[in-house]
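These notes concern the structure reproduced below.
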4 protein chains.
Amino acid sequence: MSGNTIGNLFTVTSFGESHGPAIGCIVDGCPPGMALTEADIQLDLDRRKPGQSRHTTQRREPDEVQILSGVFEGKTTGTPIALIIHNTDQRSKDYSEILDRFRPGHADYTYYKKYGLRDYRGGGRSSARETAMRVAAGAIAKKYLFERYGVQIRGYLSQLGPIIAEQLDWAVIETNPFFCPDADKVAEMEAYMDALRKEGNSIGAKITTVATGLPPGWGEPIFDRLDAEIAYAMMSINAAKGVEIGAGFACVTQKGTEHRDEITLQGFLQNQAGGILGGISSGQDIVVHTAFKPTSSMRIPGRTVNLQGEAVEVITKGRHDPCVGIRATPICEAMLALVLMDHALRHRAQNLDVKTALPDLPAQAPDLA
Amino acid sequence: MSGNTIGNLFTVTSFGESHGPAIGCIVDGCPPGMALTEADIQLDLDRRKPGQSRHTTQRREPDEVQILSGVFEGKTTGTPIALIIHNTDQRSKDYSEILDRFRPGHADYTYYKKYGLRDYRGGGRSSARETAMRVAAGAIAKKYLFERYGVQIRGYLSQLGPIIAEQLDWAVIETNPFFCPDADKVAEMEAYMDALRKEGNSIGAKITTVATGLPPGWGEPIFDRLDAEIAYAMMSINAAKGVEIGAGFACVTQKGTEHRDEITLQGFLQNQAGGILGGISSGQDIVVHTAFKPTSSMRIPGRTVNLQGEAVEVITKGRHDPCVGIRATPICEAMLALVLMDHALRHRAQNLDVKTALPDLPAQAPDLA
Amino acid sequence: MSGNTIGNLFTVTSFGESHGPAIGCIVDGCPPGMALTEADIQLDLDRRKPGQSRHTTQRREPDEVQILSGVFEGKTTGTPIALIIHNTDQRSKDYSEILDRFRPGHADYTYYKKYGLRDYRGGGRSSARETAMRVAAGAIAKKYLFERYGVQIRGYLSQLGPIIAEQLDWAVIETNPFFCPDADKVAEMEAYMDALRKEGNSIGAKITTVATGLPPGWGEPIFDRLDAEIAYAMMSINAAKGVEIGAGFACVTQKGTEHRDEITLQGFLQNQAGGILGGISSGQDIVVHTAFKPTSSMRIPGRTVNLQGEAVEVITKGRHDPCVGIRATPICEAMLALVLMDHALRHRAQNLDVKTALPDLPAQAPDLA
Amino acid sequence: MSGNTIGNLFTVTSFGESHGPAIGCIVDGCPPGMALTEADIQLDLDRRKPGQSRHTTQRREPDEVQILSGVFEGKTTGTPIALIIHNTDQRSKDYSEILDRFRPGHADYTYYKKYGLRDYRGGGRSSARETAMRVAAGAIAKKYLFERYGVQIRGYLSQLGPIIAEQLDWAVIETNPFFCPDADKVAEMEAYMDALRKEGNSIGAKITTVATGLPPGWGEPIFDRLDAEIAYAMMSINAAKGVEIGAGFACVTQKGTEHRDEITLQGFLQNQAGGILGGISSGQDIVVHTAFKPTSSMRIPGRTVNLQGEAVEVITKGRHDPCVGIRATPICEAMLALVLMDHALRHRAQNLDVKTALPDLPAQAPDLA
């Protein structure tokens, strides 16, 4: 495989460049019989879409998805679902200045070294535009997981630069341009972003993604653990630099008595594990944190070299997100959905007939809810 | 795939339970013609072996590896290399007390829910004993990467609970039982571990793994990025809860001007990226941090339930590592080696004929060395 | 995987239904830097296109392929090449009569049992229209194999019902609508087909596909042998019922002295092996025969059942090929190209550094040429 | 993948050389909870074992299989099942004469060209000894398919050189050393083989393999069709040169009215399709024919070249099967079992919830039984 496919039983194979005629993907392995329309997919695409507020890139792409196959009379057929989004706002001229120079912090130099060519048009294949197809494919997985298994996948911005969301109110998330779950921090974030934009700089962010309603027993042992595949999926998003499950790096200074989640018949007493033990779901919420670096596209000049081997300066004038993390929430949800969907199918392939004497434990003891 | 195989072109398929007759693996995809003996592999196995100091489990296993195939007249043949370690010290009676109860923080409950059975013998397949085969397979990858490409893979314990290694002296690492690179912290770590052992508790740790000498251009775009596959590999290790590449979670509060690694003809001016841009190696050092949780096996009793659905208490009397991170360094090295080896082969499959006008940049500008 | 992807390093993932908006595929793994235009692909598509003579279906589809990604400034970029053909001639009304009945010899009943639905529109996903994308993807592989390795892939109709092509003149193949290599048999085939069409019946055929110029050493041992993967690829074509390599079923009555291809320094003395020994190419021509059944779409009524569980009669009035084998030659070439391309890449991944003292033997001893 | 793994959800990864310390495999993906002992596997291994009659190689290997993992308290655990057979009768000296020469019809030359080395010991990895592990793994699949789905897989020798089995009596097959289902032909076969052995020559054979009891709906569309994967599996057996499904090559001269299997409410009226339509099982018997070439190991000298590039003569003095087809029946059964097992799991992954109004049709109309 050349890296453009994710999944084993529910696979997504993506194609397309930022400034080519279209981007798209083939979703293979969706069980037949699920109701599906373009509107189901568009919902999440619109959440990711650029230009929704002044805090994201002003590049305007309608990002209208079309289903080319795999759906007949409003239902999935079980055959490949091809999705396509035609590129409409391809202002290639924006990129003429960086045509021959390698932007620091971008994939320009590494793609050039790998492929021997420069697709200077907005990053070509390495553009974050590609994540639109992840969101589109993830929407299908989310729908199936929810309708078939009651699994719900949601995310939020847990930190924007120095500003930490301290409250988790699911109702707040969709009411502000940041997917911030803490209403008290929204104004602060807006002010921070406005100052940053003036400065011409960019900033990192942390996204938290949560899946609720999973039964225990999903995931594989050893290598294809649920947490390993989640780490892979999250780290594959543009600009991701770190992934944590549950306690994450905090576990480094935890003692065993603090970290282990004791079990009662009323449920687990806490969720340091982030819902995964031994690579397999415990029935508790899956909790994932992902760190996104500040974009390297900015108006502040930086040192670099060009194709001719000369030291030069580079400024990125194109329309860019000063904080790529702001639009990352739907992408993280999609990636978690893709992994869980794959494991839902893998689970029934191998563990279909498993019966256990002990009923599933409640996710969490009531006093912790 | 049922989760027991890693890799695409250089694959490792592992088998075995903690207390079965043997553990082993098949390494497939090693190019022919490399000199290989059991001693080459034993070296790393011995670094991981339990019972090397009073700070790790006293379970004694010679962990002697045998090559069953794939090597002829001292050289790899290009066919599958089967490795086996016979289990010798299987004190199953140790586990009789936990036979019917689910240890908190372990995979007991999740494996039971997935498979419908309890292999109570030391965790069965979920035992960290399985990681021996990762180290064995990784030793083959390390050897190939070094001899063919000059790539060197090394790791160290960068943090043990509250104690942070502040100096990186490669010569110190193998001189203490912790793989600690800071000579000044070794005594502190010993005292900490002694106190912890008395307390009957356990502690988390952080391991840093570094690969030097990679050419730019290794890795795939979109999903199978080098960093994504490294995250997968590291998170697949028992007890791992977080993975960072380069700056990792620190990037959340970084500005773009801080994070982007500017480029000069003398090399990159820093390495926040951890050697990977757009999922592809830049030629700088690959730097990976992995968080390991404190083991949940401890003498301090904890609440849980048993197979009969009763609330019970559990104490783990077996011989366990109070800090699994201590022995994790060779495992992390092995996992990084497996990922890089796979991408070395993938690179030449697709990018064999690539020529670039610009020579490879030096890894780092000299004043940063 | 859900069956719509072929290949390991050079993969093709296909989508689309006979009467949906479009069919297409993603070709992943093509090395960067190869010149590629739509015209390169169209050439083979036109060879497969229906309606080229009175002997194939009169369904008219321009089958115009569009490249959506993976090519920049006329060269492959190394990223996924998406190909699309919009469906234009979708006379769905033709199929209204078979809407609820299962055509014998078709996939109607088995698809219904697998997916729980009837996409009655021209067979939906099971339509042979899907093979257009194989031809398109195969054209890319053929081009690369020829330009990079000098490997040439060609095919011909070796038998049409009772009529056997007895001469192999490569120059004749493209001069008649059958891809028949024996000029003396073309008239006979035309007469046979005319009679068959009047009768409303259909007929089987045999296609022979040949690859010349392969170096020895391509292919994998044990399962992914070159011949095994060729058998898979050929048998995956609609209507294929048998595959032979070299002597094929004739070897059942051969003695060892007849079958073994003796070796001289001037080359092999014959080619019973069909160019593959132990699953690996010998440097001789790869020779493959594929049997295609007579299509089950015909005007002569047949017994079947319908969705309501009633015994009914079925006539297929749509526009169909009375001999699907006639258009199968470019498809067989494409499938052979896809397999060889994948193994070319696999070969260099694992066997890049192999040196042998003995030079490659000539493909065939001169007196056999 | 380097070719030593078969399957997607039920995978077998094999290792070992003819004259190394052991051969073995890892079977991954077997659902948990199935009773399994070494005796279950040994049964089929003994059917394949050499030295059972004077008509097969006199090499004596007890071929005693040991289960190293994946079975606990007599039941499969759902984790990898490792199987091993230690090599005991390794008369390497037999091979000293062919040490530097390439036996015609063997993999000697192609392996040398691929790997750059000669493992002259009985063919090394290319030896048919490797098929023992296929039989062992296949025995597990056969057991699961039968116990869980009522699917039964059986095979027989349908032709030995010129002698065709004309009657199919399942009770006869295990009563003679040929797996011949026609009691009237056994004496003829014995006489033929005795003459052949005296002559020092070898002969081809045809094996027919049948699976009964499959439900309709197993298999995938497009590439991973059931017939395509069966063709792959069968062609991957040493010495296989052709594969047919149902009518196979006979379909070349069939008309559509002859070939299509008409459908009635009592079942299909014939089975030209061999139980597969559009790549998916119809519920009829799966019928597969495989052609095996005469072995190239024989006492009659042949021309070849050696490592030094000299023309030489070669005689194979080792102990070889004069007709490898004689022992191929259990191997073909195993390969069919592996493919069906994989598709059983794939089917429930994707098609678990499929409901159809029309009940499954009987496999065959009663007057055909």
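The values are calculated or read from the model by the stated rules, or taken from the named source; none is laboratory data. Note that the structure is predicted; figures quoted are calculated from it, not measured. When we count neighbours, we look across all protein chains shown, and the Cβ atoms used for this are built from the backbone with ideal geometry, even at glycine.
Below are the figures for this structure:
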| quantity | calculated |
| --- | --- |
| Test: residue in the range C:45-64 that is of a type outside the set (Gly, Ala, Ser), farther than 22 Å from C:Thr329 by Cβ and either assigned to a helix (DSSP H, G or I) or touching a residue at least 24 places away in the same chain (Cβ under 8 Å) (or both) | no |
| So A:Leu83, is it at pLDDT 90 or above, of a type in the set (A, V, I, L, M) and touching a Cys at 6+ places or on another chain (Cβ under 6 Å) | yes |
| Pick from the range C:123-144, criterion touching a helix residue (DSSP H, G or I) at 6+ places or on another chain (Cβ under 9 Å) and surrounded by fewer than 24 Cβ atoms within 10 Å (Cβ to Cβ), ranking: farthest from the other protein chains (Cβ to nearest Cβ) | C:Lys143 |
| Set C:Arg121, C:Arg125, C:Arg129: member being under 21 Å from C:Asp63 (Cα atoms), of a type outside the set (S, T, N, Q), touching a residue at least 60 places away in the same chain (Cβ under 8 Å) and touching a Pro at 6+ places or on another chain (Cβ under 7 Å) | C:Arg125 |
| Residue in the range C:69-77 that is within 14 Å of another protein chain (Cβ to nearest Cβ) and among the charged types (D, E, K, R) present | yes |
| Residues of the range A:177-200 classified as under 24 Å from the mean Cα position of the chain (by Cα), surrounded by fewer than 19 Cβ atoms within 10 Å (Cβ to Cβ) and not in a helix (DSSP H, G or I), total | 1 |
| Given (1) crowded, with 22+ Cβ neighbours inside 10 Å; (2) at negative phi, number of the condition A:Leu117 does not satisfy | (1) |
| Count - residues of the range B:1-22 that are among the hydrophobic types (A, V, I, L, M, F, W, C), more than 10 Å from chain A (Cβ to nearest Cβ) and over 17 Å from the mean Cα position of the chain (by Cα) | 1 |
| Residue tally, condition among the acidic types (Asp, Glu) and modelled with pLDDT under 90, over the range A:98-151 | 2 |
| Hey, A:Ile230 surrounded by 24 or more Cβ atoms within 10 Å (Cβ to Cβ) and outside any helix (DSSP H, G or I) or not | no |
| Of the criteria (1) of a type outside the set (A, V, I, L, M, F, W, C); (2) at the interface with chain A (Cβ under 8 Å from one of its Cβ atoms); (3) in contact with a helix residue (DSSP H, G or I) (Cβ under 8 Å, 6 or more places away or on another chain), which one B:Gln266 fails | (2) |
| Test result for D:Ser2, of a type outside the set (Val, Ile, Thr) and at pLDDT 85 or above | no |
| Of all residues in the range B:39-62 being of a type in the set (A, V, I, L, M, F, W, C) and surrounded by 17 or more Cβ atoms within 10 Å (Cβ to Cβ), the one that is nearest to B:Asp321 (Cα to Cα) | B:Leu45 |
| The range A:16-38 - residue that is assigned to a strand (DSSP E or B) and free of Cβ contacts under 8 Å to residues at least 60 places away in the same chain and, of those, surrounded by the most Cβ atoms within 10 Å (Cβ to Cβ) | A:Ile26 |
| Residues of the range A:27-79 satisfying the condition of being within 20 Å of A:Asn238 (Cα to Cα) and of a type in the set (A, V, I, L, M) | A:Leu45 |
| Residue, surrounded by the fewest Cβ atoms within 10 Å (Cβ to Cβ), within the range B:145-173, restricted to residues that are among the polar types (S, T, N, Q) and part of a strand (DSSP E or B) | B:Gln152 |
| Verdict on B:Gly278 being more than 28 Å from A:Val252 (Cα to Cα), among the small types (Gly, Ala, Ser), facing another protein chain (nearest Cβ under 7 Å) and buried (at least 19 other Cβ atoms within 10 Å of the Cβ) | yes |
| Residue tally, condition more than 7 Å from chain A (Cβ to nearest Cβ), over 23 Å from B:Arg327 (Cα atoms) and either assigned to a strand (DSSP E or B) or in contact with a Phe, Trp or Tyr (Cβ under 8 Å, 6 or more places away or on another chain) (or both), over the range B:206-227 | 4 |
| Some residue of the range D:355-363 being buried (at least 23 other Cβ atoms within 10 Å of the Cβ) and touching an Asp or Glu at 6+ places or on another chain (Cβ under 9 Å) | no |
| The range A:318-354 - residue that is in contact with a Pro (Cβ under 9 Å, 6 or more places away or on another chain) and among the polar types (S, T, N, Q) and, of those, surrounded by the fewest Cβ atoms within 10 Å (Cβ to Cβ) | A:Asn351 |
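Every residue, every condition in (1) of a type in the set (S, T, N, Q); (2) within 7 Å of chain A (Cβ to nearest Cβ); (3) under 25 Å from the mean Cα position of the chain (by Cα), yes or no:
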site: B:Arg299; (1), (2), (3): no, no, no
site: B:Arg303; (1), (2), (3): no, yes, no
site: B:Leu307; (1), (2), (3): no, yes, no
site: B:Val314; (1), (2), (3): no, no, no
site: B:Lys317; (1), (2), (3): no, no, no
site: B:Arg327; (1), (2), (3): no, no, yes
site: B:Pro330; (1), (2), (3): no, no, yes
site: B:Met341; (1), (2), (3): no, no, yes
site: B:His347; (1), (2), (3): no, no, yes
